[in-house]
Structures are given as C-alpha cells and as structure tokens.
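Novice: Once you've had a glance at the structure underneath, I'll fire off some questions.
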Amino acid sequence: MSDDPAPRTEIRPGPPAPNAAVLLIALGRRVGERVDARLAEHDLAYRHLSALGHLAHEPDLSYSELGRRVGVTAQSMQATLAQLEERRAVERLTPGGRGRVARLRVTAEGDALRHAALAAVDEVERELLAELPAPQREQLTALLFRLFTTEITGR
C-alpha cells in the first residue's frame, strides 16, 4: 500500500447553458459589424440610416428627440445631420437653435440613399437567416419584434 494520495482529477465545467441576453448581445455585435461594413460601402453609419428613417416619417423631430431615438447625443445628431446635409440627403426647411426646432426634410437623394442602405441591411439579414427555414425566419422575426416593442413601450 502506498502513502501517495490518489491522483486528483480536475473537473472542468462545460460551457454555460444558453442565456438569451448573452446570445442577443453577442449576436447583436456580430450583426452590427456586418451592417456597419455594408453601410460603409455607401459612406454611411447606422446613425445616418436611423436619422434618415426617423426624419422620413417625422420631419419635425428636434435634435434631442432624434438623438434619443437613434441612441446618440443631440450634439452628435447635429454632426450627423450636418453630414447628411452636405450630401444633400437632408435639407433644412427652417433654422433651429436656441430652443427652436429645425424642420428638416429628407430629399430625393436622401430617400434613394436610405433605400440603398436598407437593401444592404436586408442583404445582411438574408445571409444571417439563410440556414433557417422560412417559418422559423418568420417566427424569429416576430419574437424579436415582440421583445423589442415590449422593451421600448414597457408593455
């Protein structure tokens, strides 16, 4: 009989159980990178596309409100809109400043740019979901939309 203790076996845990929040974060980052790369082909960032989309539906949004919706500061939104104005994608109908809301309108050039950018985003979506059968793609989109609207509205 030996006085040597029995060899210890190191127990290594397996991967953690899937967690929806972690999966959404990780997948969101990867999809965001793909979308950013495709939008960069049009010399755009996601904030430009978001601003164009919101302004196409509500031209009277303030910089602050538009920034909140896009997820950037009012100052960053002013810079974003200045870039879009330089590209003639947005035109200023009334000046803003000192508490006044600048009325902005998406131009025909901006609408064409928005549609090209949306097509690029759609392409990323098709690539991402290509392995899923159509019913699962539809179900996934519906579930994500439900989560999104619940999170945004609190209902």
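The values are calculated or read from the model by the stated rules, or taken from the named source; none is laboratory data. This is a predicted model, so every value here is computed, not measured. Please note: Cβ atoms are built from the backbone with ideal geometry, for glycine as well, and neighbour counts cover all protein chains shown.
Novice: May I ask you to list the residues in the stretch 17-42 that are assigned to a loop (DSSP other than H, G, I, E, B) and either of a type in the set (Phe, Trp, Tyr) or in contact (Cβ under 8 Å) with a residue 40 or more places away in the chain (or both)? Before you say what the answer is, go through the steps one by one.
Specialist: Here is the first cut: in the stretch 17-42, the ones assigned to a loop (DSSP other than H, G, I, E, B) are 17-19, 41-42.
Once the filter is applied, which keeps residues that are assigned to a loop (DSSP other than H, G, I, E, B) and either of a type in the set (Phe, Trp, Tyr) or in contact (Cβ under 8 Å) with a residue 40 or more places away in the chain (or both), the stretch 17-42 yields Glu41, His42.
Novice: Has the stretch 68-86 got any residue that is closer than 17 Å to Val31 by Cβ, touching a His at 6+ places or on another chain (Cβ under 8 Å) and at pLDDT 95 or above? So that I can check it myself, show each step before the final result.
Specialist: Just the residues of the stretch 68-86 that are closer than 17 Å to Val31 by Cβ, to begin with: 71.
Checking which are touching a His at 6+ places or on another chain (Cβ under 8 Å) leaves us with none.
Scanning the stretch 68-86, I find no residue that is closer than 17 Å to Val31 by Cβ, touching a His at 6+ places or on another chain (Cβ under 8 Å) and at pLDDT 95 or above, so the answer is no.
Novice: Taking the stretch 97-145 on its own, how many of its residues are in contact with a Gly (Cβ under 7 Å, 6 or more places away or on another chain) and modelled with pLDDT of 95 or more? Let's see the steps before the verdict.
Specialist: Step one: list which residues in the stretch 97-145 are in contact with a Gly (Cβ under 7 Å, 6 or more places away or on another chain), which gives 102, 114.
Filter again for modelled with pLDDT of 95 or more, leaving 114.
Here the count works out to 1.
Novice: Can you tell me which residue in the stretch 106-117 is surrounded by the fewest Cβ atoms within 10 Å (Cβ to Cβ), limited to those that are under 11 Å from Leu44 (Cβ atoms) and hydrophobic (A, V, I, L, M, F, W, C)?
Specialist: Going through the qualifying residues, I end up with Ala116.
The rows are residues; the columns are (1) farther than 30 Å from Ala21 by Cα; (2) surrounded by 15 or more Cβ atoms within 10 Å (Cβ to Cβ); (3) in contact with a helix residue (DSSP H, G or I) (Cβ under 7 Å, 6 or more places away or on another chain).
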residue: Ala37; (1), (2), (3): no, no, no
residue: Leu66; (1), (2), (3): no, yes, yes
residue: Met77; (1), (2), (3): no, yes, yes
residue: Glu123; (1), (2), (3): no, no, yes
residue: Ala142; (1), (2), (3): no, no, no
residue: Arg146; (1), (2), (3): no, no, no
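Novice: Looking at the stretch 101-128, which of its residues are over 20 Å from Leu144 (Cβ atoms), of a type outside the set (A, V, I, L, M, F, W, C) and part of a helix (DSSP H, G or I)?
Specialist: Glu109, Gly110, Asp111, Arg114, His115
Novice: How many residues, within the stretch 131-140, are exposed (fewer than 12 other Cβ atoms within 10 Å of the Cβ) and in contact with a helix residue (DSSP H, G or I) (Cβ under 9 Å, 6 or more places away or on another chain)? Give the steps one after another, and end with the answer.
Specialist: So the first thing to find is which residues in the stretch 131-140 are exposed (fewer than 12 other Cβ atoms within 10 Å of the Cβ), and the list is 131, 133-136.
Still in the running and in contact with a helix residue (DSSP H, G or I) (Cβ under 9 Å, 6 or more places away or on another chain): 136.
Of the residues in the stretch 131-140, 1 are exposed (fewer than 12 other Cβ atoms within 10 Å of the Cβ) and in contact with a helix residue (DSSP H, G or I) (Cβ under 9 Å, 6 or more places away or on another chain).
Novice: Scanning for something aliphatic (A, V, I, L, M) and touching a residue at least 60 places away in the same chain (Cβ under 8 Å), does the stretch 47-64 turn up at least one residue? Before you say what the answer is, go through the steps one by one.
Specialist: Residues of the stretch 47-64 aliphatic (A, V, I, L, M): 49, 51-52, 55-56, 61.
Right, trim to touching a residue at least 60 places away in the same chain (Cβ under 8 Å) and you get 49, 52.
So far as the stretch 47-64 goes, yes, one or more of its residues are aliphatic (A, V, I, L, M) and touching a residue at least 60 places away in the same chain (Cβ under 8 Å).
Novice: Also, quick follow-up: Hey, can you tell me all the residues within the stretch 50-75 that are among the polar types (S, T, N, Q) and under 16 Å from the mean Cα position of the chain (by Cα)?
Specialist: Restricting attention to the stretch 50-75, the residues satisfying the condition of being among the polar types (S, T, N, Q) are 50, 62, 64, 73, 75.
Passing the criteria: Ser50, Thr73.
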